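The values are calculated or read from the model by the stated rules, or taken from the named source; none is laboratory data. Bear in mind the structure is a predicted one, so any value in this text is a computation, not a measurement. Here the Cβ positions follow ideal geometry from the backbone for every residue, glycine too, while neighbour counts run over all protein chains shown.
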């Protein structure tokens with residue numbers, strides 16, 4: 001084979017490879033677009049229904065099945081993330097925690113058909129559009145102190161890893177939950193979180209967690225704190241540490257209010273994966 005023939009052969013092979021790459025890329029792009037279209041159709045299930053239309057048990061179950069990507073009959077973390085992307089809501093939104101409470105969900109990041117139907121039946125939601133239309137009102141339910149207490153307590157068991165460290169939650173999860181419920185309305189929130197960090201608290205017990213909410217509602221001034229009140233030792237130690245070391249707590253408010261990974265109530269990789277997807 002002459003040099004020119006050899007060069008021609010290699011050139012043809014090169015062009016063939018490039019053509020295959022282009023065709024393969026086009027096929028993958030079309031496949032991706034088709035999946036996106038199918039996904040949109042699934043999440044649009046019931047969109048044509050008016051927000052005032054009666055709740056339909058059958059449509060609610062069909063809606064749930066359309067959100068599940070496999071045949072297991074369970075909504076997985078991956079399914080929840082896709083729903084978050086479609087409705088453009090963060091998985092750290094407290095509304096998801098309210099929904100989980102209404103469902104009496106047992107496992108973080110996983111919803112069964114039975115749980116989904118229970119929660120959505122109470123809220124009379126049977127489509128993605130109705131969920132979006134009621135989103136703000138669901139969040140407003142937390143303005144009721146009794147309801148907020150119930151969801152706050154539910155969040156403890158829902159967020160903890162049941163197979164680790166008994167009935168306690170790790171300090172990271174505890175801080176995230178405290179921030180979610182109290183970060184914007186408890187004036188001692190920043191000081192308390194700073195105390196947990198400074199004293200290297202590792203875990204929070206159920207009793208401690210429950211009482212943090214009650215403490216935030218009952219104790220206004222730390223300087224006039226009643227040491228004889230029946231608060232957990234953790235709260236006594238917080239007030240003592242705060243009053244004995246005031247300099248440690250100055251200028252920490254803004255830092256702590258802007259800190260936190262937002263992993264509240266869902267698996268720790270939810271928020272980071274959601275953020276990565278939104279950037280794609």
Does residue 272 count as surrounded by 11 or more Cβ atoms within 10 Å (Cβ to Cβ) and either modelled with pLDDT of 60 or more or in contact with a strand residue (DSSP E or B) (Cβ under 8 Å, 6 or more places away or on another chain) (or both)? no
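So that you can scan it fast, the table gives a plain yes or no per residue for (1) in contact with a strand residue (DSSP E or B) (Cβ under 7 Å, 6 or more places away or on another chain); (2) within 17 Å of residue 107 (Cα to Cα); (3) at pLDDT 95 or above; (4) not in a helix (DSSP H, G or I):
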| position | (1), (2), (3), (4) |
| --- | --- |
| 158 | no, yes, no, no |
| 163 | no, yes, no, yes |
| 176 | no, no, no, no |
| 180 | no, no, no, no |
| 184 | no, no, no, yes |
| 194 | no, no, no, no |
| 197 | no, no, no, no |
| 200 | no, no, no, yes |
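What residue, of 216, 223, 190, is farther than 19 Å from residue 92 by Cα, assigned by TED's automatic domain parsing to the domain that holds residue 244, touching a helix residue (DSSP H, G or I) at 6+ places or on another chain (Cβ under 7 Å) and at pLDDT 95 or above?
Values: 223 fails: at pLDDT 95 or above; 190 fails: at pLDDT 95 or above.
After ruling out the rest, the residue left standing is 216.
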Across segment 228-243, what is the number of residues that are in a loop (DSSP other than H, G, I, E, B) and without any contact (Cβ under 8 Å) to a residue 12 or more places away in the chain? 3
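Which members of segment 95-119 meet the condition of being part of a helix (DSSP H, G or I) and in contact (Cβ under 8 Å) with a residue 60 or more places away in the chain? Please lay out each step first, then the result.
First, the residues of segment 95-119 that are part of a helix (DSSP H, G or I): 95-103, 113-119.
Hits for segment 95-119 are 96, 97, 100, 117.
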Search result, residues across segment 66-77 that are in contact with a helix residue (DSSP H, G or I) (Cβ under 9 Å, 6 or more places away or on another chain), free of Cβ contacts under 8 Å to residues at least 12 places away in the same chain and surrounded by fewer than 15 Cβ atoms within 10 Å (Cβ to Cβ): 70
With (1) in contact with a strand residue (DSSP E or B) (Cβ under 8 Å, 6 or more places away or on another chain); (2) modelled with pLDDT under 90; (3) buried (at least 20 other Cβ atoms within 10 Å of the Cβ) as the list, and residue 91 as the residue in question, which single condition is left unmet? (1)
Residue hits (segment 120-135; crowded, with 20+ Cβ neighbours inside 10 Å and either outside any helix (DSSP H, G or I) or assigned by TED's automatic domain parsing to the domain that holds residue 178 (or both)) are 125, 126, 127
Would a scan of segment 114-128 turn up a residue that is under 29 Å from residue 185 (Cβ atoms) and in contact with a strand residue (DSSP E or B) (Cβ under 9 Å, 6 or more places away or on another chain)? yes
Number of positions in segment 111-124 that are over 15 Å from residue 58 (Cα atoms) and out of contact with any helix residue (DSSP H, G or I) (no Cβ under 7 Å at 6 or more places or on another chain): 1
The lone exception for residue 167 - which of (1) in the same structural domain as residue 206 (by TED's automatic domain parsing); (2) at pLDDT below 95; (3) surrounded by 14 or more Cβ atoms within 10 Å (Cβ to Cβ) it fails: (3)
